[in-house]
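Right, one structure below, let's go through it.
The values are calculated or read from the model by the stated rules, or taken from the named source; none is laboratory data. Small disclaimer: the values here were computed from a predicted structure and weren't measured. Reconstructed Cβ throughout: ideal geometry from the backbone, glycine too, with neighbour counts over all protein chains shown.
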Amino acid sequence: MINTMAASHAVNRTLYDPIFAANSACKAAILEHGKDKVTNATIGVVLNEDGKLSVMPTVEKIFRSMKMTEFTAYAALSGNADFIDAVKNIIFSHANYDGYFSAVATAGGTGAIHHAVANYAERGDAVLTSDWCWGNYKIICAETGKRIEYFKLFNDELTAFNVKDFADKVENLLTTQNSLLIILNTPAHNPTGYALSSDEWDNVIEILKAKATKDKKITLLVDIAYIDFAAEKSVAWSFFDKFGDLPANVLTLVSFSMSKSYALYGQRTGALAAFSPNQHVIKEFDDTNKYSCRAIWSNINNGAQVLCTKIFQDKNFTAELEQDQTKLRNMVKRRAEVFVDEAKNCGLKIVPYKGGFFIAVPAENPVAVCNELHKDLIYAVPLQYGIRFAACSTPLEKIPGVATKMKRAIEVSKNV
Ligand SMILES: Cc1ncc(COP(=O)(O)O)c(C=O)c1O
């Protein structure tokens with residue numbers, strides 16, 4: 001009997017998402033024990049202290065004032081001109097850049113990463129990212145016929161960016177590939193909350209310049225999905241002034257998302273932006289990515305583009321949005337501080353957390369540790385190298401005690 005109809009490249013594609021799996025286990029515990037007794041640190045969105053999804057008041061006010069047709073109209077293929085203008089300004093006002101730049105609208109940051117992988121890595125080639133990373137990078141690579149390889153994000157002491165491993169992996173891959181796409185998620189990295197320091201960025205830039213020799217091309221994709229939860233704007237966006245003197249065979253891409261920065265996850269709107277000293281490379285970026293937009297989604301949510309534009313074009317709205325972002329960022333920061341302080345006091349080792357939604361705890365057997373934590377009705381996400389604790393969604397009152405219990409769970413699971 002024929003029981004597979006999928007094309008050969010699509011056979012056996014099933015999605016296992018540890019985040020949704022952990023969240024389902026948590027929901028079952030809530031049904032059995034009640035919401036108050038369970039700590040749900042699995043969810044990757046900002047929840048208020050009452051457990052409800054956070055909304056930015058400025059976003060709500062403007063959305064509610066918009067005309068029906070602003071939601072229902074088709075948008076332009078590469079994104080509405082004034083939305084693209086807003087995105088370019090939001091990103092490049094921090095870049096102090098006198099080269100060429102452009103952007104296309106995408107289905108959130110995910111769509112931007114998809115376009116970068118689809119159009120800037122050869123089929124069969126490896127895309128390079130860090131070992132601690134968002135699992136979806138691998139899925140996007142597999143879907144588009146690319147491989148993924150990893151460099152170690154941290155040094156052995158888990159104190160800083162592993163510049164050496166980054167340089168070695170770039171060098172190795174460029175011995176067999178003529179081009180390389182690198183994805184760096186910073187600041188407020190998922191799942192660790194890490195952010196490259198200014199010196200670490202300088203090292204990365206030097207490595208890119210050194211390895212992009214005459215016939216080798218490098219594309220760097222900076223995934224800034226969580227940037228407005230990292231720190232105040234002047235700090236979080238400051239690394240953008242680093243890309244000014246990259247050569248023409250290094251292309252810088254940025255994946256911009258409205259999901260976190262506007263708390264607009266479900267509206268699926270973002271952009272892929274590019275900058276290069278070579279005008280032809282930017283013209284090619286526009287053409288290639290417009291083609292991909294047409295093939296994959298035709299065009300992006302008009303309402304969210306109009307909303308972004310309205311906020312950008314009005315200084316008062318821009319200031320109000322920044323206040324909303326600061327409020328949510330500070331709420332998450334307070335929770336993370338409680339966790340990090342307790343971890344320090346009880347001797348729980350965590351990877352360096354600098355800001356953002358998540359804190360990561362290294363562990364040899366993350367699944368066993370998470371199962372042990374379930375006995376305390378604490379639910380976090382087991383990843384390959386450790387446990388992800390979502391400060392973004394865990395109410396402050398539930399955080400004291402979690403780090404201590406995690407330390408105990410790690411010790412117990414070592415003896416299992
Ligand atoms: C590291 C990282 N990048 C990008 C995204 C994309 O998010 P969205 O497609 O909602 O913009 C996410 C979402 O969780 C993420 O964790």
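Tabulated data
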item: Any hit, the stretch 203-213, residues being touching a Cys at 6+ places or on another chain (Cβ under 8 Å) and modelled with pLDDT of 95 or more; result: no
item: Boolean, residue 327 is over 30 Å from residue 262 (Cβ atoms) and without any contact (Cβ under 8 Å) to a residue 12 or more places away in the chain; result: no
item: Residue in the stretch 153-173 that is more than 14 Å from the ligand (Cβ to nearest atom), touching a Pro at 6+ places or on another chain (Cβ under 8 Å) and among the aromatic types (Phe, Trp, Tyr) present; result: yes
item: Residue count for the stretch 251-296, restricted to those that are part of a strand (DSSP E or B) and among the small types (Gly, Ala, Ser); result: 7
item: Residues of the stretch 151-185 satisfying the condition of being farther than 16 Å from residue 207 by Cβ and assigned to a strand (DSSP E or B); result: 154, 185
item: Residue that is of a type in the set (Gly, Ala, Ser) and over 15 Å from the mean Cα position of the chain (by Cα), where the choices are 212, 230, 195; result: 212
item: Failed condition for residue 297, given (1) closer than 30 Å to residue 271 by Cβ; (2) crowded, with 18+ Cβ neighbours inside 10 Å; (3) in contact with a strand residue (DSSP E or B) (Cβ under 9 Å, 6 or more places away or on another chain); result: (2)
item: Residues being surrounded by fewer than 19 Cβ atoms within 10 Å (Cβ to Cβ) and either among the β-branched types (Val, Ile, Thr) or not assigned by TED's automatic domain parsing to the domain that holds residue 342 (or both) - total across the stretch 386-410; result: 1
item: Hits in the stretch 78-98 (condition: of a type in the set (Gly, Ala, Ser) and crowded, with 20+ Cβ neighbours inside 10 Å); result: 78, 79, 86, 95
item: Residue that is surrounded by fewer than 22 Cβ atoms within 10 Å (Cβ to Cβ), among the polar types (S, T, N, Q), free of Cβ contacts under 8 Å to residues at least 12 places away in the same chain and out of contact with any Asp or Glu (no Cβ under 6 Å at 6 or more places or on another chain), where the choices are 234, 238; result: 234
item: Criterion (of a type outside the set (D, E, K, R), in contact with an Asp or Glu (Cβ under 6 Å, 6 or more places away or on another chain) and modelled with pLDDT of 95 or more) met by exactly one of 58, 106, 39, 69; result: 58
item: Residue match in the stretch 67-78 (condition: within 16 Å of the ligand (Cβ to nearest atom) and under 30 Å from residue 327 (Cβ atoms)); result: no
item: Residue within the stretch 128-149 that is in a strand (DSSP E or B), of a type outside the set (Asp, Glu), away from the ligand (no atom under 16 Å from the Cβ) and within 30 Å of residue 235 (Cβ to Cβ) present; result: no
item: Filter result for residue 412 (at pLDDT below 95 and assigned to a loop (DSSP other than H, G, I, E, B)); result: no
item: Residue among 269, 309, 318, 288 that alone is within 16 Å of the ligand (Cβ to nearest atom), in contact with a helix residue (DSSP H, G or I) (Cβ under 7 Å, 6 or more places away or on another chain) and among the hydroxyl-bearing types (Ser, Thr, Tyr); result: 269
item: Any hit, the stretch 104-121, residues being surrounded by fewer than 18 Cβ atoms within 10 Å (Cβ to Cβ) and either more than 16 Å from the ligand (Cβ to nearest atom) or under 20 Å from the mean Cα position of the chain (by Cα) (or both); result: no
item: Candidates 225, 210, 188, 248, filtered to the one that is in a loop (DSSP other than H, G, I, E, B) and more than 12 Å from the ligand (Cβ to nearest atom); result: 248
item: Residue in the stretch 29-39 that is exposed (fewer than 13 other Cβ atoms within 10 Å of the Cβ), small (Gly, Ala, Ser) and not assigned by TED's automatic domain parsing to the domain that holds residue 268 present; result: yes
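To keep it simple, each residue is scored yes or no on (1) within 30 Å of residue 393 (Cβ to Cβ); (2) modelled with pLDDT of 95 or more; (3) assigned by TED's automatic domain parsing to the domain that holds residue 392.
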| site | (1), (2), (3) |
| --- | --- |
| 245 | no, no, no |
| 251 | no, yes, no |
| 267 | yes, yes, no |
| 275 | no, no, no |
| 294 | no, yes, no |
| 298 | no, yes, no |
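One line per residue, one yes/no per condition, for (1) under 24 Å from residue 267 (Cα atoms); (2) touching a Leu at 6+ places or on another chain (Cβ under 6 Å):
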residue: 37; (1), (2): no, yes
residue: 42; (1), (2): yes, no
residue: 74; (1), (2): yes, no
residue: 83; (1), (2): yes, no
residue: 86; (1), (2): yes, no
residue: 93; (1), (2): no, no
